[in-house]
Amino acid sequence: MADTDERVRTILHVDMDAFYVSVELRRHPELRGRPVVVGGSGSRGVVAAANYEARRFGVFSAMPSSRARRLCPQAVFLPGDHALYAEVSEEVHRIFEDVTPLVEPIALDEAFLDVTGARSLFGDGESIGHLIRRRISDELDLRCSVGVATSKFVAKLASKGAKPRVTPRGVEDGPGVLVVEPGRERDFVSPLPVEALWGVGPATLARLERLGVRSVSDLAALPDGVLERSVGPAHGRHLASLARAEDDREVVPHRAAKSIGNEETFAHDLVTVDEIRREVVRLCDHVAARLRRHGRSARTVTLKIRFSTFETITRSVTPTRAVNTSPGMMSVLDPIVSDIARGLSSSIGVRLLGVSTSQLVEPSSQLSLFDGFDTTDGPSVDIDAIENRWEPASRAIDAIRERFGKSAIGPAGSLGRSDRHEGTPWGPERLPEDGGDQAGDATSDDRPR
């Protein structure tokens, strides 16, 4: 790749191949070559990831597990281990950071790297891409695909082209590293389908198809005025720039988390306020622990509820004090839980709950004039008192879990709760009493971005 000109950026997009499944296959090598799915295996589960052998049968992420089983009855379902995936992701990112400090994580399994300054040490972008692939394979027994270009947008499209391919004959290796030479960016994107562009979802695609737009080159040929009238001025200008392969965004390393949360789909509907409150307490405990692990407190706490009718509502609260303890979070959500639970009936229950936090800030302790008073009754909850009282206990809980494991201590309401019946970000596991083919929920863990 002719990228020795210091004025020309070299951007890599590294995307792990079937990351969750590949991590699982390291501890289940006997499953290699078989279709494997990670996700909830129950009737309400959802596919988190599928290896390429499963994709041959049309199984993809976010698909209801019930449909995946119909498409590929021989698939092996594994429940998933998000903590392990996060741990392996850190190992992958350490390899990235050995090459350049300019690493922008996008998710657990992908990142942008600006290697412009690393070329004098490791060679051109293609050489660096092969170096990263070799290290990830040798040190972690995993595979990745690398796109190399002068911009983030084109590098991401290139990494997709570098991936293994599913064909009628089986799974074929891709090139592994795909380079788009400087000056050839527009030639590369022009023949691609227009939905390959960032920001072209189903609604935008329908509008563009009414204009006769099928490919990126079709979009580039549209007069700006026509495009902007169809999809809106700002969105139109954005798409026109991408169709010309223009993207000058920088790689931004170490982006702070914008939100942290957890949500779960349950094997059976929750129908009483006690059941709902118990699960919200447990979710608050998980989210609060993650907040503290990231050194953050939350200014806003949000409760998400999906009923058995699939109606979904969210309610957000911004207390007077940022929170990072489970009792603090629960104190601001409990009135919402009580209010919503009053509307439940024998025919309408809750199938999914989620707790998320946003407006994350540095933790800060505050003294309260009412510290030590019982403030748990009624709407006049003193959040300062609750947070100040529980912060030392929360740090002790973190220390116990660090030493003895996450299950060593937890909320009293969840004691004795079998992990086998516990929900996951991708839906509950398949139980013997599971029946029917209900659609799964495309739930996900709100990772720090």
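The values are calculated or read from the model by the stated rules, or taken from the named source; none is laboratory data. Here the structure is a predicted model, which is why all the values come from computation and not from measurement. Ideal geometry is used to build each Cβ from the backbone, glycine not excepted, and the neighbour counts take in all protein chains shown.
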Selected residue (only one of ARG290, ARG306, ARG249 is in a loop (DSSP other than H, G, I, E, B) and either at positive phi or surrounded by fewer than 22 Cβ atoms within 10 Å (Cβ to Cβ) (or both)): ARG249
Considering ALA49, ALA86, ALA62, which residue is crowded, with 21+ Cβ neighbours inside 10 Å and within 30 Å of ARG351 (Cα to Cα)? ALA49
Which is over 26 Å from PHE112 (Cβ atoms) and crowded, with 20+ Cβ neighbours inside 10 Å, of LEU239, LEU219, LEU178, LEU227? LEU227
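This table checks each residue for (1) modelled with pLDDT of 95 or more; (2) closer than 22 Å to SER89 by Cβ; (3) touching a Pro at 6+ places or on another chain (Cβ under 9 Å).
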| position | (1), (2), (3) |
| --- | --- |
| ILE128 | yes, yes, no |
| PRO182 | yes, no, no |
| ASP187 | yes, no, no |
| VAL194 | no, no, no |
Return a yes/no flag: does region 142-158 have any residue that is in the same structural domain as ASP17 (by TED's automatic domain parsing) and without any contact (Cβ under 8 Å) to a residue 60 or more places away in the chain. yes
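Could you identify the single residue in ARG44, ARG9, ARG32 that is touching a residue at least 24 places away in the same chain (Cβ under 8 Å), farther than 30 Å from GLU181 by Cα and not aromatic (Phe, Trp, Tyr)? Before the answer, list the steps.
Working: ARG9 fails: farther than 30 Å from GLU181 by Cα; ARG32 fails: touching a residue at least 24 places away in the same chain (Cβ under 8 Å).
Selected residue: ARG44, the only one of ARG44, ARG9, ARG32 that is touching a residue at least 24 places away in the same chain (Cβ under 8 Å), farther than 30 Å from GLU181 by Cα and not aromatic (Phe, Trp, Tyr).
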Give the number of residues within region 219-242 that are under 27 Å from the mean Cα position of the chain (by Cα) and among the aliphatic types (A, V, I, L, M). 3
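How many residues are under 27 Å from the mean Cα position of the chain (by Cα) and either in a helix (DSSP H, G or I) or among the aliphatic types (A, V, I, L, M) (or both) when one looks only at region 180-207? It would help to see each step written out before you state the result.
Let us first name the residues in region 180-207 that are under 27 Å from the mean Cα position of the chain (by Cα), namely 189, 192-206.
Remaining after also requiring either in a helix (DSSP H, G or I) or among the aliphatic types (A, V, I, L, M) (or both): 189, 192, 194-197, 200, 202-206.
Count: 12.
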